Amino acid sequence: MTIGKYHPSAQLAPFIREYLVIESDAEIVNQTIPDTALVLSFRFRGRILLNDGIEFSELPDTVIGGLRKSARSFRYEKGTGNLLAICREGAISAFTRMPAHEIFGLSIGTENLFPDHDLRQLMERLQEATSHTQRIALLEAFLIGQMTDTRQDELVLSATAAIRRENGQLRMKELAGSLHISQDAFEKRFRSLIGASPKQYAAIVRLRNLVRRHSDATSLTQAAYDAGYFDQSHFIRDFRQFTGQTPRAFFSGTRRW
């Protein structure tokens, strides 16, 4: 499996974090851990199957993946090519009025967001393109054409920045108070734009930060304490749900994406 990373244009940079082109030269099963970003996926070649916990089922050509709290396994068939647009927090509101929390934990076809005719035309062009640079240019033109509202909710973005700054370790009642908004109103506004509750988002940030920062020089016990866990069984349970593996198995394995 090869993964190419590409930067968005200046016009889309406030909404797209990066583009990934994932290609498989052999059949492979890849496990992904939760992230804070919604993902738009456009498969221009081959097949990708998602394990729903029981069996693998084929994904549509174009998919939007919501935030989630658990790891997922994907099977890429040999010769598969997939173009992903990794969205920034809250960015999906630029393209659709669908509340982001409605797709929490789900992967649904992007025909729920975009006109079917436009999608079919885009996919035909992506399949005919002769380079990844050309594919990204096609996708950017498509996304720019679909933008309906470029306003951003500064209060919610301030909240996500605060959660990241504290590595997910802060109380949501205090955060709402610092933003001068009631907790109920804050949580409703946050969920609709980000795709998860503030508490769920903070849990993702906390565990992704632990994964990013952990090294062989630090014990897993210390890593758990640093992440705010003082109960090892609680830490192992959360980590297993988040990655699909125990901490020791996860850090001793190969992580592709």
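The values are calculated or read from the model by the stated rules, or taken from the named source; none is laboratory data. If you're wondering where the values come from, they're calculated on a predicted model, not measured in any experiment. Please note: Cβ atoms are built from the backbone with ideal geometry, for glycine as well, and neighbour counts cover all protein chains shown. Note: areas computed on protein heavy atoms with side chains; ligands, DNA, RNA excluded. Shrake-Rupley method; radii C 1.70, N 1.55, O 1.52, S 1.80 Å.
Tell me yes or no: at least one residue of the range 34-51 is outside any strand (DSSP E or B), modelled with pLDDT of 90 or more and hydrophobic (A, V, I, L, M, F, W, C). Within the range 34-51, one or more residues are outside any strand (DSSP E or B), modelled with pLDDT of 90 or more and hydrophobic (A, V, I, L, M, F, W, C). Looking across ALA185, ALA196, ALA224, one residue alone is buried (at least 17 other Cβ atoms within 10 Å of the Cβ) and within 30 Å of SER93 (Cα to Cα). It is ALA196. The set of residues in the range 143-200 being under 30 Å from LEU126 (Cβ atoms) and either free of Cβ contacts under 8 Å to residues at least 12 places away in the same chain or outside any helix (DSSP H, G or I) (or both) consists of MET147, THR148, ASP149, THR150, ARG151, GLN152, GLY195, ALA196. Scanning the range 11-18 finds one or more residues that are within 28 Å of ARG191 (Cα to Cα), in contact with a His (Cβ under 7 Å, 6 or more places away or on another chain) and open to solvent by 30 Å² or more (accessible area, probe 1.4 Å). With respect to the stated conditions, ALA227 fails to be touching an Asp or Glu at 6+ places or on another chain (Cβ under 8 Å), in contact (Cβ under 8 Å) with a residue 60 or more places away in the chain and not aromatic (Phe, Trp, Tyr). Residues that are assigned to a loop (DSSP other than H, G, I, E, B), open to solvent by 40 Å² or more (accessible area, probe 1.4 Å) and over 24 Å from ARG206 (Cα atoms) within the range 58-72 comprise PRO60, ASP61, listed in sequence order. Here MET123 passes the criteria (1) out of contact with any Asp or Glu (no Cβ under 9 Å at 6 or more places or on another chain); (2) closer than 22 Å to GLU18 by Cα; (3) not in a loop (DSSP other than H, G, I, E, B); (4) not small (Gly, Ala, Ser) except the one numbered (1).
Within the range 143-160, is there a residue that is open to solvent by less than 20 Å² (accessible area, probe 1.4 Å) and touching a strand residue (DSSP E or B) at 6+ places or on another chain (Cβ under 9 Å)? Yes, the range 143-160 contains a residue that is open to solvent by less than 20 Å² (accessible area, probe 1.4 Å) and touching a strand residue (DSSP E or B) at 6+ places or on another chain (Cβ under 9 Å). When GLY4 is tested against (1) in contact with a Leu (Cβ under 9 Å, 6 or more places away or on another chain); (2) open to solvent by 70 Å² or more (accessible area, probe 1.4 Å), exactly one condition is not met: (2). Applying the condition of being part of a strand (DSSP E or B) and out of contact with any helix residue (DSSP H, G or I) (no Cβ under 6 Å at 6 or more places or on another chain) to the range 19-33 and asking which residue is surrounded by the most Cβ atoms within 10 Å (Cβ to Cβ) yields ILE22. Got a sec? Which of ARG165, ARG171 is within 28 Å of GLU18 (Cβ to Cβ), within 24 Å of the chain's Cα centre (by Cα) and open to solvent by 70 Å² or more (accessible area, probe 1.4 Å)? Just a single option satisfies the conditions, and that option is ARG165.
Residue count for the range 212-223, restricted to those that are in a helix (DSSP H, G or I) and farther than 23 Å from LEU175 by Cβ: 4. Pick from the range 1-58 the residues that are out of contact with any strand residue (DSSP E or B) (no Cβ under 6 Å at 6 or more places or on another chain) and acidic (Asp, Glu): which of them is nearest to LEU83 (Cα to Cα)? That would be ASP25.
When SER73, SER107, SER41, SER24 are checked against the criterion of being closer than 25 Å to PHE251 by Cα and within 17 Å of the chain's Cα centre (by Cα), a single residue qualifies: SER73.
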